[in-house]
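Engineer: Dumping the structure here so I can ask a few things about it.
The values are calculated or read from the model by the stated rules, or taken from the named source; none is laboratory data. Everything numeric here is computed off the predicted structure, so don't read it as measured data. Quick reminder, even Gly has a Cβ in these numbers, built from the backbone with ideal geometry, and neighbours come from all protein chains shown.
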Amino acid sequence: MLRLLLLLLPLFPLTALAEPLHLRVQGSNTIGAALLPALVQGQLWAQHATDIQQVPGALANETVITARDAQGRALRIDIAAHGSSTGFAALGQGDADLAAASRPISEAEVVRLKALGDLRAASAEQVIGLDGVALIVHPDNPLPRLTTRQLAQVFSGQVQRWEQLGVAGGAIHLYARDDRSGTFETFKALVLDPLHAQLSPKAQRFESSEQLAGRVAADRQAIGFSSLAAVHGAKVLAVAEGDAPAMLPERTLVASEDYPLSRRLYFYLPANARPQAKALADFAQSPAGQAIVADQGFVSQQVKAKPVPAQPDMPPRYRSLAQQAQRLSVNFRFQEGSASLDTKALRDVQRVADYLRQAGKLQGKAVLVGFGDPKATPGRAALLSRLRAQAVRRELARDGVEVLEVTGMGDELPVAGNDLEQGRLRNRRVEVWVY
């Protein structure tokens, strides 16, 4: 009998003895603090996993999630949320299967990780949601808004007292994320670098957005920046870039990326990504995953239609659209120095087509409006803005969308200043309106 059992033993599943299926994710604290664990748990529930448990990891800002899949196999997901740069480093060292980042991969990182494939390819660089870097102060601070130039002056230490900004308060206390943070990298790229400024050494630094926001909310003289999802009772300031209107990080303005400090949240997968990593990225892109993104305080990529109040100073054709149609929540943007849609826009084409299909508006109900930045040659801005809209039209046509009209507004209705290249890039956009 014993001999028979020994012969049959290899035929029985060794679930209890097998190593757990293991997924390692490292990178952004903004994503990894709460959003990433929520996405992992959502995916596990969707796959009918059981015995799902989440516990803190060995270090602060680390999480371990365990479960059993539908076949009874043990699963383990390790999340280390120490900053976007740590995710790319871990990918290169073979210590992570997927990197979470709250900023795009840098050119130096692309070169360093080229053995993993082209990490800027659409299959590797996946936008999972949107966020706004929120400028926060104490709730009693009466200041309503700042320009990006003023922000650079404040955080570099050139402006050191609240009175220099027109309000009482004494010395300004600076709070910033640490150097490994994608939130800091975004703030540095959008605010400090354009004016060749550096963060003041007096700034207090934090690995966690939650800790930073808590300190700002308790300090009457404080100013800091955090993820929109981690404001936690602090007051949020409106931000203006150049001559464009000041904007709060409202969800619609972040969704369209019109808010000056909008940013994208990314997953990066190597070319030979493990099935578990690819499955998590696919879930994050799904409607269920995007619902979790929104539930966690970020901005999802689900397409919505919203009326826009008509204003007297709008160009006549645009004012007519505002009176008769609704604007979709997505803007199409382009690769830097190119007429090609970027990786987010390529997925947004499918999202817009799906929205129009579900709304019964695939044929002759959508209008594409292109915008750009000023050009020296008369009429060139209008031409280029129309060409951008035509590029979107071609992509949508592949998904069965017949656009009613394509128009180019040139350099009208800017959402950013045109003095700096980053502002000009944001002004080069295509809006979608639906009747």
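Engineer: For segment 131-141, what are the residues that are surrounded by 24 or more Cβ atoms within 10 Å (Cβ to Cβ) and not β-branched (Val, Ile, Thr)?
Structural biologist: Passing the criteria: ASP131, GLY132, ALA134, LEU135.
Engineer: Further question on the same structure: Select the strands (runs of 3 or more DSSP E) contained entirely in segment 198-310, then report the ones holding at least 1 residues which are hydroxyl-bearing (Ser, Thr, Tyr) and either in the same structural domain as PRO374 (by TED's automatic domain parsing) or in contact with a helix residue (DSSP H, G or I) (Cβ under 9 Å, 6 or more places away or on another chain) (or both).
Structural biologist: In segment 198-310, the matching strands (runs of 3 or more DSSP E) lie at 222-227, 262-268.
Engineer: If you go through segment 331-377, how many residues are free of Cβ contacts under 8 Å to residues at least 40 places away in the same chain, among the β-branched types (Val, Ile, Thr) and under 15 Å from VAL432 (Cα atoms)?
Structural biologist: 0
Engineer: Taking the condition in contact with a Gly (Cβ under 8 Å, 6 or more places away or on another chain), surrounded by 20 or more Cβ atoms within 10 Å (Cβ to Cβ) and among the acidic types (Asp, Glu), does GLU241 pass?
Structural biologist: yes
Engineer: Based on what the data block shows, is VAL64 under 22 Å from LEU228 (Cβ atoms), modelled with pLDDT of 95 or more, not hydroxyl-bearing (Ser, Thr, Tyr) and not in a loop (DSSP other than H, G, I, E, B)?
Structural biologist: Working: under 22 Å from LEU228 (Cβ atoms): no; modelled with pLDDT of 95 or more: yes; not hydroxyl-bearing (Ser, Thr, Tyr): yes; not in a loop (DSSP other than H, G, I, E, B): yes.
No, not satisfied.
Engineer: Pull up segment 103-127, narrow it to residues that are at pLDDT 95 or above and of a type in the set (S, T, N, Q), then point me to the one that is nearest to the chain's Cα centre (by Cα).
Structural biologist: GLN126
Engineer: Which one is surrounded by the fewest Cβ atoms within 10 Å (Cβ to Cβ) among residues in segment 65-91 that are of a type in the set (A, V, I, L, M, F, W, C) and over 24 Å from ARG177 (Cα atoms)?
Structural biologist: That would be ALA70.
Engineer: Being surrounded by 15 or more Cβ atoms within 10 Å (Cβ to Cβ) and without any contact (Cβ under 8 Å) to a residue 12 or more places away in the chain is the filter here, so list the residues in segment 265-291 that pass it.
Structural biologist: LYS278
Engineer: Sticking with this one: Hey, can you tell me all the residues within segment 298-330 that are in contact (Cβ under 8 Å) with a residue 24 or more places away in the chain and loosely packed, with under 15 Cβ neighbours inside 10 Å?
Structural biologist: LYS304, LYS306, PRO315, ARG317, GLN324
Engineer: Output the residues belonging to segment 142-177 that are surrounded by fewer than 19 Cβ atoms within 10 Å (Cβ to Cβ) and either on the phi > 0 side of the Ramachandran plot or outside the structural domain of PRO245 (by TED's automatic domain parsing) (or both).
Structural biologist: Those that are surrounded by fewer than 19 Cβ atoms within 10 Å (Cβ to Cβ) and either on the phi > 0 side of the Ramachandran plot or outside the structural domain of PRO245 (by TED's automatic domain parsing) (or both): GLY157, GLY166, GLY170.
Engineer: Next question, about the same structure. Yes or no: segment 294-315 includes at least one residue that is under 26 Å from LEU420 (Cβ atoms) and of a type in the set (A, V, I, L, M).
Structural biologist: Yes: segment 294-315 contains one or more residues that are under 26 Å from LEU420 (Cβ atoms) and of a type in the set (A, V, I, L, M).
Engineer: Separate question: List the pairs whose first member sits in segment 227-240 and is closer than 21 Å to LEU265 by Cα, whose second member is small (Gly, Ala, Ser) and assigned to a helix (DSSP H, G or I), and whose Cβ atoms are under 7 Å apart, counting only residues at least 6 apart or on separate chains?
Structural biologist: Between residues of segment 227-240 that are closer than 21 Å to LEU265 by Cα and residues that are small (Gly, Ala, Ser) and assigned to a helix (DSSP H, G or I), the close pairs are SER227/SER209; ALA230/SER209; ALA230/ALA213; VAL231/ALA213; HIS232/ALA213; HIS232/GLY214; HIS232/ALA217.
Engineer: Looking at ALA376 and the list (1) among the small types (Gly, Ala, Ser); (2) in a loop (DSSP other than H, G, I, E, B); (3) touching a strand residue (DSSP E or B) at 6+ places or on another chain (Cβ under 8 Å), which single condition is not satisfied?
Structural biologist: Going through (1) among the small types (Gly, Ala, Ser); (2) in a loop (DSSP other than H, G, I, E, B); (3) touching a strand residue (DSSP E or B) at 6+ places or on another chain (Cβ under 8 Å) one by one, ALA376 breaks only (3).
Engineer: Please list, ordered by first then second residue, the pairs with beta carbon atoms under 9 Å, 6 or more apart or interchain, first in segment 40-62 and within 24 Å of GLU207 (Cα to Cα), second exposed (fewer than 13 other Cβ atoms within 10 Å of the Cβ).
Structural biologist: GLU62/PRO56
Engineer: Another question, if that's okay. List the number of the failed condition for VAL352; all other conditions in (1) part of a helix (DSSP H, G or I); (2) of a type outside the set (D, E, K, R); (3) touching a Lys or Arg at 6+ places or on another chain (Cβ under 9 Å) hold.
Structural biologist: Condition (3) is where VAL352 drops out.
Engineer: Given (1) closer than 16 Å to ALA389 by Cα; (2) under 20 Å from the mean Cα position of the chain (by Cα), identify the lone condition not met by THR343.
Structural biologist: For THR343, the exception is condition (1).
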